[in-house]
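Asker: Pasting in a structure now, in structure tokens, and then I'll have a few things to ask.
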Amino acid sequence: MGDDMEKFGGWPHTWEHCFRDGWLDNFFAAMENNYDWLEMIPPGEALAARKPLGRADLPTASYTEMMEWVLPTPVRQRFHALQEEFASRPDVRRFLRGGFWRGFFTKYAEANLLHKKMLRVSSKLRTDGRKGSRKGGKGALRRAKAITHLMRSQCNDAYWHGIFGGLYAPHLRTELWRELVRAETIADSLHHGARPYQAMTRLDFDADGREEIEITSPQFAAVIKPSDGGTLEVLDFRPSAVTLINSLQRRVEAYHSRLQNAAQFAAKVASIHEQTLVKEPGLEKKLKYDRWPRNTFRLLVFSDGKKHEDYEGVRLEENAVFAGGNYRTEKVERDQVTLSIEGPLDAAMVSGGQCSKLRALKTMNFTSAKGICDVRCRLELARCGSETLAAENVSPLQFMAGLEIELNLLAPNVPDRYFEFAGKREALAWSGIVEGSQLRVVDEWQNVAVTIDAPGASHLWIAPIETVSESEEGFERVYQGSQILAIWPVQLMPAAKWSAEAVLHVAKASEKISKSGN
């Protein structure tokens, strides 16, 4: 039997157990005291000295806990209960296999997106990258460098989650994304050569059976997902090799039920899989669960009585059709994509208690120049149906509309990552209201800054996205980025149209510093 060496001092409390309390000394002493019947031999010598018993085909599996973690949360809870029920029946437990490792891609859309991005970049290097490097020389060297970045992106830790941070650790996800951004930038340059380009591809990017839209240039790579609210799910800024969205949906995990009864263990040294430790009190009050994946430019339509506290607490009760519906792709061009959807507004959502049907048109425009890119989302709302024909009998609709932006710049409480607005700075952990429509989000360490401009917006609501997950040291809060909602009060007259837009201007953080002479 072998085990990881960190179990002998690296894991929490194992140093005390193994060395201070003498478990390791006692273990070796016990082996020595039983040398008359206990044979100790290196594995290689054992294989050489003993004939094989027969053939064995290993199953597609990992260790027992991993095969439990991969199951969907309700199934995982039932499976765990079944294991507990037959804890004293090894003859039964041997048949309880759990799930399959690739199930993590189904359980976590973020892991799947990262994996499919990796496959997309790999495909580009196998085809276009090879074509661009046939002449040898610098092209071949650059392709080899891109392959190294691709291989680094396949480090498995960030693709799954169990007792450890894994997928829940933003720095792990970010480094894999960074390697993919670098590899894909090289692959695309090998294909397009030195000439400027902006390319659009319609494909099933994330292998869910529905079409996504990919747009790339030397400055950025973007993926639009019409089937999930017509949102932007990937935005890479290539000059700084950084992906900007990269957040995580807060979802129910099996271990959340243990938070209510969390207590420090004392005398008994429990397995790392059995401990219930917390890094700070009251974590159970921090549990929040998102309705939608954490993509950018999600349209939130909600009643005008809602406040910032409702937004932070996931209590906006926004219209589900416009937020997460399957948008129709109206028009796709190299630099612009237009999507639309129609749906009813609940009477409780609009002033006057009227039920009405609304049409939303969302147009995303992408432009770039050396070292910068702009992503613009224009929103147009209009009534549709018979009510537009009888305007004199229809009252105006009044509600709130918001375009949500997700940005994850990793570190919530360090001086080189911050919000900048109205002449002041706030750390990324900040939650509050920005009066007006402009905000700059800066990461000096990754050398990227995003300026948000939402003309006419009454406010920008900001709240941190924090998950509560397990690690080897216990339950902890982890910053997964910030949600930023540009909001407008809407008064929509019959047969009229209402419009607004939000713009992301992305550049290196050092650009502003150098221009100011600092």
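The values are calculated or read from the model by the stated rules, or taken from the named source; none is laboratory data. Predicted model, so just to flag it, every value in this text is computed and none were measured. Please note: Cβ atoms are built from the backbone with ideal geometry, for glycine as well, and neighbour counts cover all protein chains shown. All accessible areas refer to the heavy atoms of the entire protein, side chains included, with ligands and DNA or RNA removed. Shrake-Rupley method; radii C 1.70, N 1.55, O 1.52, S 1.80 Å.
Asker: Using the Cα centre as the reference, give the magnitude of the dipole from point charges on the C-beta atoms of region 29-173 (Lys, Arg: +1; Asp, Glu: -1; all else neutral), rounded to the nearest 20 debye.
Answerer: Taking the Cα centre of region 29-173 as origin, the dipole is about 1900 debye.
Asker: If you don't mind, there's one more thing I want to ask. For the chain, what does -39500 (n - 2.57) per DSSP helix run (n ≥ 4), summed and divided by total residues, give at 222 nm, in deg cm²/dmol to the nearest 500?
Answerer: It lands at -7000 deg cm²/dmol.
Asker: In nm², what is the average projected area of the convex hull enclosing the Cα atoms of region 36-118?
Answerer: 9.5
Asker: Next question, about the same structure. Using the eigenvalues of the Cα gyration tensor, what equivalent ellipsoid semi-axes result for the chain when each is taken as the square root of five times the eigenvalue, whole Å, largest first?
Answerer: Values: eigenvalues 440, 179, 108 Å².
In descending order the semi-axes read 47, 30, 23 Å.
Asker: Would you mind checking region 19-55 for residues with the amide N under 16 Å from a putative spin-label position 7 Å along Cα→C-beta of E472?
Answerer: Answer for region 19-55: 19.
Asker: Could you compute the FRET efficiency for V314 and V92, with r as their C-beta to C-beta distance and R0 at 35 Å, rounded to 0.05? Could you put the intermediate results ahead of the total?
Answerer: Values: r = 41 Å, r/R0 = 1.18.
Using R0 = 35 Å, I get an efficiency of 0.25.
Asker: If r is the Cβ-Cβ distance from E45 to D4 and R0 is 25 Å, what FRET efficiency results, to the nearest 0.05?
Answerer: 0.65
Asker: Give me the 1.4 Å probe accessible area per residue for region 41-155, excluding ligands and nucleic acids, in Å².
Answerer: In whole numbers, region 41-155 has 68 Å² accessible per residue.
Asker: Any idea what diffusion coefficient region 296-367 gets from Stokes-Einstein, in µm²/s, Kirkwood Rh on alpha carbon pairs, 37 °C, 0.692 mPa s?
Answerer: The estimated diffusion coefficient comes to 240 µm²/s.
Asker: What length, rounded to one decimal in nm, is gained on full extension from R20 through to K331, with 0.36 nm per residue of separation minus their alpha-carbon distance?
Answerer: Length difference between fully extended and current span is 105.1 nm.
Asker: For a quick size check, give me the Cα extents of region 64-169 along its three principal axes, largest first, whole Å.
Answerer: 65, 25, 20
Asker: Taking all protein chains together and a probe of 1.4 Å, list Y289, Y327 from the most accessible to the least accessible.
Answerer: Order by accessible area, largest first: Y289, Y327.
Asker: Could you tell me how many cubic angstrom of Cα convex hull volume region 411-518 has per residue?
Answerer: Taking the convex hull of the Cα positions in region 411-518, it is 135 Å³ per residue.
Asker: Heavy atoms of the protein only, probe of 1.4 Å, neighbouring chains included. What is the accessible area of T148 in Å², nearest 10?
Answerer: T148 exposes around 60 Å² with every protein chain in place.
Asker: In the chain, carbon and sulfur make up what percent of the accessible area (probe 1.4 Å)?
Answerer: On the chain, the fraction of accessible area on carbon and sulfur atoms equals 52 percent.
Asker: Turning to a different aspect of this structure: With a 1.4 Å probe and all protein chains kept in place, how much accessible area does E444 have, in Å² rounded to the nearest 10?
Answerer: We get 80 Å² for E444.
Asker: Which FRET efficiency value, to the nearest 0.05, do you get for S499 and A199 by plugging their Cβ-Cβ distance into 1/(1 + (r/R0)^6) with R0 = 22 Å?
Answerer: 0.15
Asker: May I have the pair-distance distribution P(r) for region 280-333, computed from all Cα-Cα distances with 10 Å bins from 0 and rounded to whole percent?
Answerer: Here the calculated profile for region 280-333 is 19, 43, 24, 12, 3, 0.
Asker: Could I ask something else about it? Once you put a point 7 Å from the Cα of Q398 and another 7 Å from the Cα of A81, both along the Cβ direction, what distance in nm separates them?
Answerer: Between Q398 and A81, the simple spin-label model gives 5.0 nm.
Asker: Taking a virtual spin label 7 Å from the Cα of K285 along the C-beta vector, which residues in region 416-454 bring their backbone nitrogen under 19 Å of it?
Answerer: Of the residues in region 416-454, 430-432 have backbone N under 19 Å from the label point off K285.
Asker: Provide, for q = 0.23 Å⁻¹, the log10 of I(q)/I(0) from a solvent-free Debye sum over equal Cα point scatterers in region 141-233.
Answerer: With no solvent term, the Cα-only Debye profile gives -1.20.
Asker: Taking N as the number of residues in region 348-502, what value does Rg over Cα atoms divided by 2.2 N^0.38 Å take?
Answerer: Cα Rg divided by the expected 2.2 N^0.38 Å: 1.30.
Asker: Among the listed pairs K225/K362; K370/K508; K117/K362, which are separated by more than 18 Å between their Cα atoms?
Answerer: K117/K362
Asker: I would also like to ask the following. If packing is taken as the mean number of other Cβ atoms within 10 Å per residue, what is the order of 84-90, 372-378, highest first?
Answerer: Peptide ranking by packing, descending: 372-378, 84-90.
Asker: Another one. Give me Rg over Rh for region 412-461, both radii from the alpha carbons and Rh done the Kirkwood way, two decimal places.
Answerer: 0.97
Asker: Using the alpha-carbon atoms, what tilt in degrees (0 to 90, nearest 10) does helix 170-192 show relative to the longest principal axis of the chain?
Answerer: Computed tilt is about 60 degrees.
Asker: While we're on this one: So, in Å, what gap is there between the alpha-carbon centers of region 78-126 and region 437-494?
Answerer: Cα centres, region 78-126 to region 437-494: 31 Å.
Asker: Out of all Cα-Cα pairs in region 456-504, roughly what percent, to the nearest whole number, are more than 16 Å apart?
Answerer: Cα-Cα pairs in region 456-504 separated by more than 16 Å: 61 percent.
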